[in-house]
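Here's the structure, in structure tokens; my notes come after.
Read-outs: derived from the displayed coordinates by stated rules, not from any lab. If you're wondering where the values come from, they're calculated on a predicted model, not measured in any experiment. Here Cβ is always computed from backbone atoms with ideal geometry, including for glycine, and neighbour counts include all displayed protein chains.
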Amino acid sequence: MIILAINIALSALPEPRLFGMDQQTLLQIGANIINMLILAAFLAFLLYKPVRAFLKKRSDRVKEELEFAESEMAKATEMKLKYEQLIKDIEQERKDILDEARKQGAETGRLIVADAAKEADLIKERTTANIELEWERAQSGMRTAIIEISSSMAEKLITLAVNKETQDKLFDETMAELGETTWKI
């Protein structure tokens with residue numbers, strides 16, 4: 001029954017057209033074309049200048065941003081070059097400071113060695129002076145001993161009778177004493 005009702009409803013409808021080029025269709029197409037032309041002219045009249053101004057502003061803004069980006073990139077490149085130059089300068093300054101420190105260290109070492117050499121020379125001079133002083137004391141002591149021995153010998157000669165045998169004996173004794181005294185010093 002439902003199927004019968006659908007068939008009846010479908011038969012009451014006018015026959016469908018796929019593409020019928022009748023007068024009504026042509027009028028509708030013509031009216032639509034005229035409406036589109038009027039709408040396009042109206043929209044062009046109303047929106048052309050504002051849209052063009054908007055696009056111009058946008059184009060200018062994009063251009064300014066690109067120029068700003070380029071200038072910032074140039075500044076960044078310049079800063080990078082300055083930074084690299086500063087790094088090179090710092091490295092050179094570090095090398096200069098190290099070289100100067102090495103030179104000062106070498107100079108200080110040379111001064112220390114020179115001072116040590118002077119100190120050694122002073123000690124050597126003092127030691128030489130002390131040795132000479134001791135040598136002079138020893139010579140003075142030897143002179144004194146020789147004088148005492150000579151005095152002693154003269155005294156013995158005077159006290160004894162001077163004969164040849166006694167004189168030889170005294171001479172031998174004195175020489176023996178003189179030899180012992182010389183080696184004791």
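What FRET efficiency comes out for the pair ALA53/THR77, r = Cβ-Cβ distance, R0 = 35 Å, nearest 0.05?
It comes out at approximately 0.45.
Separation between the THR128 and ALA176 pseudo-spin-labels, each 7 Å from Cα along Cα→Cβ, expressed in nm?
4.3 nm
For segment 33-185, what number results from the quotient of the Cα radius of gyration and 2.2 N^0.38 Å?
Relative to the 2.2 N^0.38 Å estimate, segment 33-185 comes out at 3.88.
Which angle between 0 and 90 degrees, to the nearest 10, do you get for helix 23-159 versus the longest principal axis of the chain when only C-alpha atoms count?
Tilt relative to the chain: about 0 degrees.
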